[in-house]
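> Dropping the structure in here first, questions after.
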Amino acid sequence: MQVTRQKPIVTTLKPSNHPYLNGAWTPLYEEVDAIDLEVIEGAIPADLDGVYLRNTENQIHDPIGRYHPFDGDGMLHRIDFQNGKANYSNRFVRTRCFQAEQEAKGSLWAGLMERAEMSKRPGFGAHGSLKDSASTDVVIHGGKALATFYQCGEAYMVDPETLETIGSAPWGPLDGVSAHPKVDERTGELLFFNYSKHAPYMHFGVVDASNKLTHYRPVPLPGPRLPHDMAFTENYVILNDFPLFWDAGVLERNMHIVRMHRELPSRFAIVPRRGDGEIRWFEAAPTFVLHWTNAYEDGDEIVLDGYFQSNPEPGKFPGAPKGYEHMMGHLDEHSFQSRLHRWRFNLKTGETKEENLDPRILEFGTINNLYAGRKYRYAYSTTSKPGWFLFTGFVKHDLETGTSESYALPDGVYGSEAPFAPRIGGKDEDDGYLVSFTIDELKGKSECVILDAKRIADGPIARIALPHKICSGTHACWASREFLREGKVA
């Protein structure tokens, strides 16, 4: 493995005992390019051809007030597979806020847990005072990586080959772009939404394969909300209005305290992907959903799968450090109790039906993206460490038979979101691989693992050494060589 290190960035973060600034969440500052990575075990499949991108949060300076892991600056990690070999690189996303804090040599914005007036400069996002760190999500669209912020930032375009930050997306609207825009790989379209504290409170938009904004419309809500993800079918997008959102009373004083409004139902908007047709609203049991796996049309019904939270407002986490009790609870899947769930919305009768698909605590699902928006059979979830935002393994769901299989990472090893990578020439929906980065806290190192999606219980078919230990984070994506080159997949 040949490693080239880049010029160091300016860092001022002092050591602390913060639970999300240590261990698997220790920030990484080193930026490198590594050629011909060492395969520790097994072999890289010759029919794996494309790029895995992982977005992580890395706090660079001493925080203003209390630190939340979602405040950290976005860093993209890239591993490229071709002809049975792999290369790696990583770079911070050079957002406006990253550059400003590098110049200031310190934090300029308070984070998610602090009052808006503590920020030293006007901020970004629906919250209105945050640093736009482009650290939440990453997708590939139009041959470029797009890094997005969960509270609606500018959406930063990054070269997926060099990881050079190109700049904010030229089509980005005034209210920004939420994390979790969706790419329909069959059409090359990017579907996105945003939300804000002013009417109409939410919008939906479409960007075509040539990076042109072709559609943008309001999706009015009763007031400020906190949607996090969206789903799509061939003809519709599904947006939401969940009863977990800011407390209106304290929001008037520019304080952002999230409360579960248990008297309200969950609401789902079925919005035509094209044109200004009628928005249909459906009601269901009150919950909050961070992430969807997929949606599709089934006769008169829209089928939507995602992770239903039984306890969206878990309260204080026992044993958490003082001042971080609520943060620890809201980061722990075992506290908010997320389980794979299915909703059916009947466009003819207006009826909603829902059912649980798996009793286990699960989240961060992926699928074969060639089946996104269409009827599918397989989904892949992550398991998590109780009390922590850390992934401990993977579950493959056969939604047709109701069966599943799983793989647990070794003790002290934590994974990343594991997108499905189709095998070159693959014939079946599950004919491919799961790709993930791991953090080994016992050995202080990171690896890339590849699992055969047809038999994940067998464990990794390849383990590849990374040049440094990465920081944990949220989301990742896969792009095949064909999709990178053509912008869509035939």
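> Across the stretch 160-184, what is the number of residues that are on the phi < 0 side of the Ramachandran plot and either assigned to a strand (DSSP E or B) or aromatic (Phe, Trp, Tyr) (or both)?
9
> Being over 16 Å from His228 (Cα atoms), in contact with a Phe, Trp or Tyr (Cβ under 9 Å, 6 or more places away or on another chain) and at pLDDT 95 or above is the requirement here; does Lys348 meet it?
Values: over 16 Å from His228 (Cα atoms): yes; in contact with a Phe, Trp or Tyr (Cβ under 9 Å, 6 or more places away or on another chain): no; at pLDDT 95 or above: yes.
The answer is no for Lys348.
> Anything in the stretch 328-340 that is in a loop (DSSP other than H, G, I, E, B) and more than 18 Å from Phe70 (Cα to Cα)? List them, or say none. First the steps, then the outcome.
Step one: of the stretch 328-340, the residues in a loop (DSSP other than H, G, I, E, B) are 332, 337.
The one that is in a loop (DSSP other than H, G, I, E, B) and more than 18 Å from Phe70 (Cα to Cα): Gln337.
> Are there any pairs with C-beta distances below 7 angstrom linking a residue in the stretch 109-127 that is under 16 Å from Asp73 (Cβ atoms) to a residue that is acidic (Asp, Glu) and buried (at least 21 other Cβ atoms within 10 Å of the Cβ), with the two at least 6 apart or on different chains, and if so which?
Partner pairs satisfying both residue conditions: Gly111/Asp71; Leu112/Asp71; Phe124/Asp132; Gly125/Asp132.
> Let me ask another. Out of Arg54, Arg66, Arg91, Arg78, I need the residue that is surrounded by fewer than 20 Cβ atoms within 10 Å (Cβ to Cβ) and either under 24 Å from the mean Cα position of the chain (by Cα) or farther than 30 Å from His326 by Cα (or both). Which one? It would help to see each step written out before you state the result.
Numbers: Arg54 fails: surrounded by fewer than 20 Cβ atoms within 10 Å (Cβ to Cβ); Arg91 fails: surrounded by fewer than 20 Cβ atoms within 10 Å (Cβ to Cβ); Arg78 fails: surrounded by fewer than 20 Cβ atoms within 10 Å (Cβ to Cβ).
Unique residue meeting the criteria: Arg66.
> Based on this model, can you work out whether Asp62 counts as assigned to a strand (DSSP E or B) and among the charged types (D, E, K, R)? Steps first, answer last, please.
On the way: assigned to a strand (DSSP E or B): no; among the charged types (D, E, K, R): yes.
When the stated conditions are applied, Asp62 does not pass them.
> Moving to a separate point now. Looking at the stretch 185-201 only, could you name the residues that are crowded, with 19+ Cβ neighbours inside 10 Å and in a loop (DSSP other than H, G, I, E, B)? Full working, then the answer.
So in the stretch 185-201, the residues crowded, with 19+ Cβ neighbours inside 10 Å come out as 185, 188-196, 201.
Passing the criteria: Glu185, Gly188, Ser196, Tyr201.
> Among the numbered criteria (1) surrounded by 14 or more Cβ atoms within 10 Å (Cβ to Cβ); (2) farther than 26 Å from Gly373 by Cα; (3) without any contact (Cβ under 8 Å) to a residue 24 or more places away in the chain, which one does Pro265 miss?
With (1) surrounded by 14 or more Cβ atoms within 10 Å (Cβ to Cβ); (2) farther than 26 Å from Gly373 by Cα; (3) without any contact (Cβ under 8 Å) to a residue 24 or more places away in the chain applied to Pro265, the lone miss is (2).
> Quick check on my filter: what residues within the stretch 296-327 are part of a strand (DSSP E or B) and surrounded by 16 or more Cβ atoms within 10 Å (Cβ to Cβ)? Working first, answer last.
Here is the first cut: in the stretch 296-327, the residues part of a strand (DSSP E or B) are 296-298, 301-309.
Correct list: Tyr296, Glu297, Glu301, Ile302, Val303, Leu304, Asp305, Gly306, Tyr307, Phe308, Gln309.
> Considering every residue within the stretch 213-222, establish whether at least one is more than 21 Å from Asn369 (Cβ to Cβ), among the hydroxyl-bearing types (Ser, Thr, Tyr) and within 17 Å of the chain's Cα centre (by Cα).
no
> For the stretch 71-81, check the following and say yes or no: at least one residue is touching a Gly at 6+ places or on another chain (Cβ under 8 Å), in contact (Cβ under 8 Å) with a residue 60 or more places away in the chain, closer than 14 Å to Ala134 by Cα and assigned to a helix (DSSP H, G or I).
Within the stretch 71-81, one or more residues are touching a Gly at 6+ places or on another chain (Cβ under 8 Å), in contact (Cβ under 8 Å) with a residue 60 or more places away in the chain, closer than 14 Å to Ala134 by Cα and assigned to a helix (DSSP H, G or I).
> Which pairs have Cβ atoms under 6 Å, sit 6 or more apart or on different chains, and link a residue in the stretch 386-413 that is in a loop (DSSP other than H, G, I, E, B) to one that is aromatic (Phe, Trp, Tyr) and surrounded by 13 or more Cβ atoms within 10 Å (Cβ to Cβ)?
That search, which allows pairs on different chains as well, returns Leu390/Tyr414.
> Return the only residue of Ala46, Ala104, Ala110 being touching a Ser or Thr at 6+ places or on another chain (Cβ under 6 Å) and either under 25 Å from His228 (Cα atoms) or modelled with pLDDT of 95 or more (or both).
Working: Ala46 fails: touching a Ser or Thr at 6+ places or on another chain (Cβ under 6 Å); Ala104 fails: touching a Ser or Thr at 6+ places or on another chain (Cβ under 6 Å).
Going through Ala46, Ala104, Ala110 in turn, just one is touching a Ser or Thr at 6+ places or on another chain (Cβ under 6 Å) and either under 25 Å from His228 (Cα atoms) or modelled with pLDDT of 95 or more (or both): Ala110.
> Do we find that Ser446 is in a strand (DSSP E or B), surrounded by fewer than 17 Cβ atoms within 10 Å (Cβ to Cβ) and at pLDDT 95 or above in this structure? Spell out the reasoning first.
Values: in a strand (DSSP E or B): yes; surrounded by fewer than 17 Cβ atoms within 10 Å (Cβ to Cβ): no; at pLDDT 95 or above: yes.
It is false that Ser446 is in a strand (DSSP E or B), surrounded by fewer than 17 Cβ atoms within 10 Å (Cβ to Cβ) and at pLDDT 95 or above.
> Something else about it: Of Ile9, Ile40, which residue is hydrophobic (A, V, I, L, M, F, W, C) and under 30 Å from Gly426 (Cα atoms)?
On the way: Ile9 fails: under 30 Å from Gly426 (Cα atoms).
The match here is Ile40.
The values are calculated or read from the model by the stated rules, or taken from the named source; none is laboratory data. If you're wondering where the values come from, they're calculated on a predicted model, not measured in any experiment. Neighbour counts are summed over all protein chains in view; Cβ atoms, including those assigned to glycine, are modelled from backbone coordinates with ideal geometry.
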